[in-house]
Amino acid sequence: MSYCSYYQANVRRPDCWFFVSVLRTFEYVVFDRTLDAQESLFEFFVPPAMEATFLEFMQYFEQDGLITNLKKLPNRLQVEGSIA
């Protein structure tokens, strides 16, 4: 079984709706989910074949100030003892 790459980032709160709608117009690039609404923290599951495309989008969003603190982490679905 192949797992997606896993990222987290904070999204500028007033623009969350815009950010999500842009990502969802590009099917199969990423599955996004709000991890912590209070902190406006999102998590992203990215298929390995789409990682370069995803990072291009994120670089643009970072330059625009729409997201901050983008980081790649171990996929939480692979970490023993995590809630899936």
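For Arg76, which of the numbered conditions (1) modelled with pLDDT of 95 or more; (2) in a loop (DSSP other than H, G, I, E, B) fails to hold?
(1)
Restricting to region 17-58, name every residue that is touching a strand residue (DSSP E or B) at 6+ places or on another chain (Cβ under 6 Å) and loosely packed, with under 12 Cβ neighbours inside 10 Å.
Arg33
Against the conditions (1) farther than 14 Å from Tyr3 by Cα; (2) more than 10 Å from the chain's Cα centre (by Cα); (3) touching a residue at least 24 places away in the same chain (Cβ under 8 Å), where does Lys71 fall short? Just the number, please.
The failed condition is (2).
Considering Tyr3, Tyr7, which residue is hydroxyl-bearing (Ser, Thr, Tyr), surrounded by 11 or more Cβ atoms within 10 Å (Cβ to Cβ) and farther than 17 Å from Thr53 by Cβ?
After ruling out the rest, the residue left standing is Tyr3.
The values are calculated or read from the model by the stated rules, or taken from the named source; none is laboratory data. Keep in mind that what you see is a predicted model, and the values were worked out from it rather than measured. Every residue, glycine as well, gets a Cβ built from its backbone with ideal geometry; the counts of neighbours run over all protein chains shown.
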